[in-house]
Amino acid sequence: MNRIVQDRPTLRSDAPPQAAPPQVKVSIRGLGKTFARKGDSLEVLRDIDLSVAPGEFLCLLGPSGCGKSTLLNILAGFDTQTAGTVEIDGQPVTGPDPRRVFVFQEYGIFPWASVWDNVALGLRRKSSDELHRLVAHYIELVGLKGFERAYPSELSGGMRQRVAVARALAVKPDIIYMDEPLGALDSLTRLQLRAELLRIWQEERPTVLFVTHDVDEALQLGERIVVMTPRPGRIAEIVTVPLKHPRDFGAPEYGQFKNRLFELLGVRHAI
Amino acid sequence: MSNWPFVVTGLALATIFVTRFLKGPLPRVLLPAATATIFICAWQVSCELLRQAIRMPDGTVRIIEVFPTPWQTALGMEQPITDGTLLRFAVASIYRVAIGFGLAALIGIPVGLWAGWSLRGAQAINPLIQALRPISPIAWIPLAVLWFGVKDEAAIFLIALSSFFPIVTGAMTAVRTIPLVYVRSAENFRLEGFELFRRVVLPACLPQIISSLRIALGIAWLVIVAAEMIAVDSGLGYLIMDARNANNYERVVGSMITIGLIGVGLDWAVRRLERFDEVRWGFSKT
């Protein structure tokens, strides 16, 4: 299914010069992904159209196997789509880029390197003063001061993910891709790290694309939530969450959004 | 039959039982010591059981000993220990293993890393390596002697050969099994060339390389004895052959024990490598 995407006239070219151009960081048009298997093929993504604004916190929510991780991998340049286009800042994605950092679900940091060396990974080109300052700053920002010389095996799961977040932030990325970064943690640690992610995001304002299958996680973090259908993954609906932070689990509006998301996912949450 | 082995075995068993109630590092010493003691007692008892009295045709009775007792073994080793032969031969064996094993590591690790990284590299050399690998190093002894003579070089060649294959295979597998997230992290931060090698590929492979070194050293120590029996005229393997030719079985057994003890020491030395911060993650359970 090779679909040619027509170059539609963009808003930008039509708009009068004095109007501010619409801000689009990531633009996904007609994206599809089909994995070829021997004598068979598996379609995991179909007709994804999505625009992400700069500095937005966007959650991709969907059941396991809906292709949300595959979508993130394509955006990050680790994988390629079989249909459609992905543009970041107007440029097609050709491969991984140090300005767009990926935080993996588990073990993305290097177990053979200390916390300090892990965070310094993306700063190799910096002067040593600058490197020192940045590494120390981001280690402190994620609350790991005092653990600079520790190795990942000596840290808890939550602390390891803090290292991964610090490593990503240290390069001052435009975009951070997070593929269920809290998925391996216990529920209390998750809650705590969500709050910290939010605080850091509000301070640094990178664009965040956050994949999760947890409705509460998406609702607490996302400005918009892209709800995806099971395989082949399509966008069921994009839910804008106008709730102010801190978002309270118990508030009635929160409950309404939650019901809506469960409904879109086709799951009964009251059991 | 002497009674002491039974008494001592009883004491050793009691010690094993007592370690149940001991805390701290003591059981780690007591347990293996007790096992070794029981082993020696069993050795003594089996020597006495196997001792056969044979009535010769002329009516005299001869005691045939098929195996030296622990004490006889210790006495048999007295001479090689005091005149320095044992030390000299042990050093000769360790020296050959060190050189041969070092050469194998020096060549095997880079070749394995390269073959693991490049698909074409693996396709090119892997079948050859896998075909040479099952050939016992012992089978190479005739060629080694033909090429190098009855000299150190022959033994070193055999050691290098026998350690090379586990090391190369270990390094190659290590690269092939680097988890995808590490490779992607490296790609994401645009690590390339030597930096990619130094910061990701090598450290990710080190634990497995150390494991393969440990296996290779074990094999090398097995092979050196066989090689020295035929290919040279010094070393612990030669000591065994020489003692056998002199019908001195006390010394044969004593040399065997020496080989075992040095083997334990070598393995312990390699395992120290597992403790470095950079590789500890690959050996601990979590």
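Exactly one residue out of A:219, A:188 is over 22 Å from residue A:168 (Cα atoms) and surrounded by fewer than 20 Cβ atoms within 10 Å (Cβ to Cβ), and it is A:188. Please verify whether residue A:70 is in contact with a Lys or Arg (Cβ under 8 Å, 6 or more places away or on another chain), buried (at least 16 other Cβ atoms within 10 Å of the Cβ) and away from every other protein chain (no Cβ under 14 Å), treating the condition exactly as stated. Considered against the rule, which asks whether it is in contact with a Lys or Arg (Cβ under 8 Å, 6 or more places away or on another chain), buried (at least 16 other Cβ atoms within 10 Å of the Cβ) and away from every other protein chain (no Cβ under 14 Å), residue A:70 comes out as no. In the stretch B:267-286, the residues that are within 12 Å of chain A (Cβ to nearest Cβ) form Cβ pairs under 7 Å with partners that are aromatic (Phe, Trp, Tyr), at six or more places apart or across chains, as follows: B:277/A:151; B:278/A:112; B:279/A:112; B:281/A:112; B:281/A:151. When residue A:195 is tested against (1) at pLDDT 85 or above; (2) within 14 Å of chain B (Cβ to nearest Cβ); (3) more than 13 Å from the chain's Cα centre (by Cα), exactly one condition is not met: (2). Whenever a residue of the stretch A:237-263 is free of Cβ contacts under 8 Å to residues at least 24 places away in the same chain, its partners that are in a loop (DSSP other than H, G, I, E, B), lying with C-beta atoms within less than 7 angstrom and at least six residues away or across chains, give the pairs A:241/A:222; A:241/A:223; A:253/A:243.
Of the residues making up the stretch A:82-96, those that are under 18 Å from the mean Cα position of the chain (by Cα), crowded, with 18+ Cβ neighbours inside 10 Å and more than 8 Å from chain B (Cβ to nearest Cβ) number 3. With a requirement of 3 or more residues that are away from chain A (no Cβ under 14 Å) and surrounded by fewer than 20 Cβ atoms within 10 Å (Cβ to Cβ), the helices (runs of 4 or more DSSP H) lying completely within the stretch B:165-255 that satisfy it span B:202-230, B:236-245.
Could you look through the stretch A:222-271, keep only residues that are under 15 Å from residue A:210 (Cβ atoms) and β-branched (Val, Ile, Thr), and pick out the one that is surrounded by the fewest Cβ atoms within 10 Å (Cβ to Cβ)? Ranking the candidates gives A:238 first. Of all the numbered requirements in (1) without any contact (Cβ under 8 Å) to a residue 24 or more places away in the chain; (2) within 30 Å of residue A:176 (Cα to Cα); (3) out of contact with any strand residue (DSSP E or B) (no Cβ under 7 Å at 6 or more places or on another chain), residue B:229 misses one, and that requirement is (2).
Pairs are defined by a Cβ separation below 6 Å, a sequence spacing of at least 6 or placement on different chains, a first member in the stretch B:191-202 that is under 13 Å from residue A:112 (Cα atoms), and a second member that is of a type outside the set (A, V, I, L, M); the pairs so defined are B:200/B:182. Among the residues making up the stretch A:202-217, those that are farther than 24 Å from residue B:181 by Cα and in a helix (DSSP H, G or I) are A:202, A:203, A:204, A:215, A:216. When A:140, A:148 are checked against the criterion of being within 14 Å of chain B (Cβ to nearest Cβ) and surrounded by fewer than 19 Cβ atoms within 10 Å (Cβ to Cβ), a single residue qualifies: A:148. Looking across A:135, A:119, one residue alone is part of a helix (DSSP H, G or I), within 12 Å of chain B (Cβ to nearest Cβ) and out of contact with any strand residue (DSSP E or B) (no Cβ under 7 Å at 6 or more places or on another chain). It is A:119.
Only one entry in B:62, B:120, B:96 is charged (D, E, K, R), in a strand (DSSP E or B) and out of contact with any Pro (no Cβ under 7 Å at 6 or more places or on another chain), namely B:62.
The set of residues from the stretch B:126-183 being among the β-branched types (Val, Ile, Thr) and within 19 Å of residue B:205 (Cβ to Cβ) comprises B:129, B:167, B:168, B:169, B:173, B:175, B:177, B:178, B:181, B:183. The set of residues in the stretch A:104-116 that are at the interface with chain B (Cβ under 9 Å from one of its Cβ atoms) and either at negative phi or in contact with an Asp or Glu (Cβ under 9 Å, 6 or more places away or on another chain) (or both) comprises A:104, A:105, A:106, A:108, A:109, A:110, A:111, A:112, A:113, A:114. Exactly one residue out of A:78, A:102, A:110, A:147 is in a loop (DSSP other than H, G, I, E, B) and under 24 Å from residue A:207 (Cβ atoms), and it is A:78. State whether the residues of the stretch B:146-157 include one that is within 30 Å of residue A:119 (Cα to Cα), away from chain A (no Cβ under 14 Å), hydrophobic (A, V, I, L, M, F, W, C) and part of a helix (DSSP H, G or I). No, there is no match, as no residue in the stretch B:146-157 is within 30 Å of residue A:119 (Cα to Cα), away from chain A (no Cβ under 14 Å), hydrophobic (A, V, I, L, M, F, W, C) and part of a helix (DSSP H, G or I). Here the strands (runs of 3 or more DSSP E) wholly within the stretch A:21-67 that include at least 1 residues being in contact (Cβ under 8 Å) with a residue 12 or more places away in the chain and surrounded by fewer than 16 Cβ atoms within 10 Å (Cβ to Cβ) are A:40-52. Entry remark, the stretch A:192-208: residues being loosely packed, with under 15 Cβ neighbours inside 10 Å and among the hydrophobic types (A, V, I, L, M, F, W, C) number 1 in total. Scanning the stretch A:218-253 for residues that are of a type in the set (A, V, I, L, M, F, W, C), part of a loop (DSSP other than H, G, I, E, B) and in contact with a strand residue (DSSP E or B) (Cβ under 8 Å, 6 or more places away or on another chain) yields a total of 1. Looking at the stretch B:126-141, is at least one residue in a helix (DSSP H, G or I), within 14 Å of another protein chain (Cβ to nearest Cβ) and either in contact with a helix residue (DSSP H, G or I) (Cβ under 9 Å, 6 or more places away or on another chain) or loosely packed, with under 15 Cβ neighbours inside 10 Å (or both)? The answer is no, given that none of the residues of the stretch B:126-141 is in a helix (DSSP H, G or I), within 14 Å of another protein chain (Cβ to nearest Cβ) and either in contact with a helix residue (DSSP H, G or I) (Cβ under 9 Å, 6 or more places away or on another chain) or loosely packed, with under 15 Cβ neighbours inside 10 Å (or both).
The values are calculated or read from the model by the stated rules, or taken from the named source; none is laboratory data. What you see is a predicted model, and the numbers here were worked out from it, not measured in a lab. Here Cβ is always computed from backbone atoms with ideal geometry, including for glycine, and neighbour counts include all displayed protein chains.
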